[in-house]
Amino acid sequence: MLSFFSGLGLGLSLIIAIGAQNAYLLRQGIRREHVLTVVVICTVSDAVLILAGVAGLGYLIERVPWLVVAAQWLGAAFLLVYGILAGARALRGSAAGLTPDAPDARPSGNGRLAAVALTTLALTWLNPHVYLDTVLMLGSIAATHGSARWVFAAGAITASILWFTALGYGARRLSGRLSTPRAWRILDGVIAVIMIGLAATLVVQALQV
């Protein structure tokens, strides 16, 4: 269960960081426009990338044991930097791109659905940070959990399902709060605490080897 909640916590910390994908889902949720399509694409994409990272790096780690320690140190360094950056955003405030556009006159039906799907796919698969967070970051950290890495992956995938569903379908009710600088500063503050805490945990694990 510890591995599951570690994956859940890290997955949430990575996924709720402000980005184009979340901003687009937020806008679609407020408009109530093809929300299920966007949620499914984001969730399935994350699951595929996470499983690919865990499978590939897990296979490699079994044959090169010293990579576990290297992954712990690299993971700790990445989490620490990520946490510091999130903390800096929380202190100075950054809400650029988070205020959704007002609903406008656009084509509806299958044409609009295809446009929404393609936009979501582009924001997901053409974003280099997605590969860093899922394939490399989550895959590396999952490898440090040994035989429980798939439980860790399940936790990370659960985080994607929970976040994308909550953001998409909760956006209309919470739109006023989610689009304010204060709300995102709080979120960034929470992210910073979680990231730095996980980094400290990895350092302790590495030192115990």
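A few notes on this one:
- Residue within region 148-169 that is under 26 Å from I50 (Cβ atoms), modelled with pLDDT under 85, of a type in the set (V, I, T) and out of contact with any Phe, Trp or Tyr (no Cβ under 6 Å at 6 or more places or on another chain) present: no
- When L2, L60, L14 are checked against the criterion of being open to solvent by less than 60 Å² (accessible area, probe 1.4 Å) and modelled with pLDDT under 85, L14 stands alone in meeting it.
- Entirely in region 133-209, the helices (runs of 4 or more DSSP H) that have 1 or more residues that are closer than 13 Å to G9 by Cα and among the acidic types (D, E): none
- When L49 is tested against (1) modelled with pLDDT of 80 or more; (2) touching a Leu at 6+ places or on another chain (Cβ under 7 Å), just one condition goes unmet, and that condition is (2).
The values are calculated or read from the model by the stated rules, or taken from the named source; none is laboratory data. Because the structure is a prediction, the values reported are computed rather than measured. Every residue, glycine as well, gets a Cβ built from its backbone with ideal geometry; the counts of neighbours run over all protein chains shown. These area figures cover heavy atoms from the full protein model, side chains too; ligands, DNA and RNA do not enter into them. Shrake-Rupley method; radii C 1.70, N 1.55, O 1.52, S 1.80 Å.
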